[in-house]
1. For segment B:1-62, what mean projected area does the convex hull of the alpha carbons give, in nm²?
2. Through the Karplus equation 6.51 cos²θ - 1.76 cosθ + 1.60, θ set to phi - 60°, convert the phi angles of segment B:87-98 into ³J(HN,Hα) values in whole Hz; use x for Gly and Pro.
3. What total accessible surface area, summed over both chains, is buried at the interface between chains A and B, computed with a 1.4 Å probe and given in Å² to the nearest 100?
4. Give me the 1.4 Å probe accessible area per residue for segment B:80-142, excluding ligands and nucleic acids, in Å².
5. Restricting attention to segment A:35-126, which GluC sites (Glu not before Pro) occupy a DSSP loop and are surrounded by at most 10 other Cβ atoms within 10 Å?
6. Where a Cα-Cα gap under 29 Å defines reach, which lysines qualify for A:Lys117, not counting those fewer than 8 residues away within the same chain?
7. For the protein assembly as shown, what is the charge dipole size about the Cα centre, in debye to the nearest 20, if Lys and Arg each add +1 at the Cβ and Asp and Glu each add -1 at the Cβ?
8. For peptide B:131-140, what's the mean number of Cβ atoms from other chains within 10 Å of each residue's Cβ?
Amino acid sequence: MEFAQICDFVGPETINRAPMDVSGLPGVWINSNPETNGIARIVISEADEGLSLQVYAMGPDGLIDWGVATIQVYGSSPSSRTTAGFSCRFNFGFAESFLQGMIMKGLLVLAELRTFKDQSNRADYFVREYFALEHQRY
Amino acid sequence: MTQTLDFKQIRDLDQALIDLDVTSIGVDRMIGRWINTDAQTRGLQEITIKQTGAQFSVSAAGAGTNGPIEWAAQSVRPLANLEEEAGQRGITLAADFDFGFMKAETYLRVNKGVLVIVLFNSFRDESGRSDYVTREFFYCAE
């Protein structure tokens, strides 16, 4: 088994080919910062194959629906079958967003890597924000 | 003449993004050799970040069974990081590594003098391993 760091290595006895447990992801995730100028809300849903993610971001006249993307899920180790993160891409033509999320202590820590593809001379940017899952228990 | 900018969030219209210096803020805080704060790490033992003109390179040493394993990023892109914690402004580097059997899509940033790397590792072989995400911390050796 090839590896690039020891933590990539998994003994054959610990390989688990069961489906990844993604039960911690579906739902509505709300940005902890009510003053955000970026992504305000994320909706993760079960889809035919895997999970889909829909983004609503802050615009000057209300929320802007980015549409839906399919997400790739990640565990916390090569032998883990519980989701600890995800990634997905949105392509808008003039710009592209690569989202990388990690679940930490119940929070979603979302990194957005924004690349502009137009001629506006805007710098590509990075932002990292926190999201909480709406649970409606209290 | 005014230019109309496309956007999908208000942040896309931040005037600071048109400031040409925005991807050079705090670059000197990232350049150098960084050592993992965990001496027993099974992941990356050290990271070296270099800059030549506007180009960056990221290399690393992965913990191996018979000595370090060399990592060299195939692509490195600087991104303006205007909203870092505690008002710190700087850059984040997006660095991608490709080993054939596995790829690692990473981002690196400095927060209060600590280099943080987050790795999203995806396996392309048929080993049955799960793709996985890790995060590690480094102090500057120079």
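The values are calculated or read from the model by the stated rules, or taken from the named source; none is laboratory data. Quick caveat: nothing in here was measured; it's all calculated off a predicted structure. Cβ coordinates were reconstructed from backbone atoms using ideal geometry, including for glycine residues, and neighbour counts include every protein chain displayed. What goes into the accessible areas is simple: the full protein's heavy atoms, side chains included, and nothing from ligands, DNA or RNA. Shrake-Rupley method; radii C 1.70, N 1.55, O 1.52, S 1.80 Å.
1. Value for segment B:1-62: 7.1 nm².
2. So the Karplus estimates, Gly and Pro as x, are x, 6, 10, x, 10, 10, 9, 9, 10, 10, 10, 10 Hz.
3. Buried: approximately 4900 Å² between B and A.
4. With all protein chains present, segment B:80-142 gives 36 Å² per residue.
5. A:Glu35, A:Glu49
6. Candidates past the 8-residue exclusion: B:Lys8, B:Lys50, B:Lys103.
7. 380
8. 5
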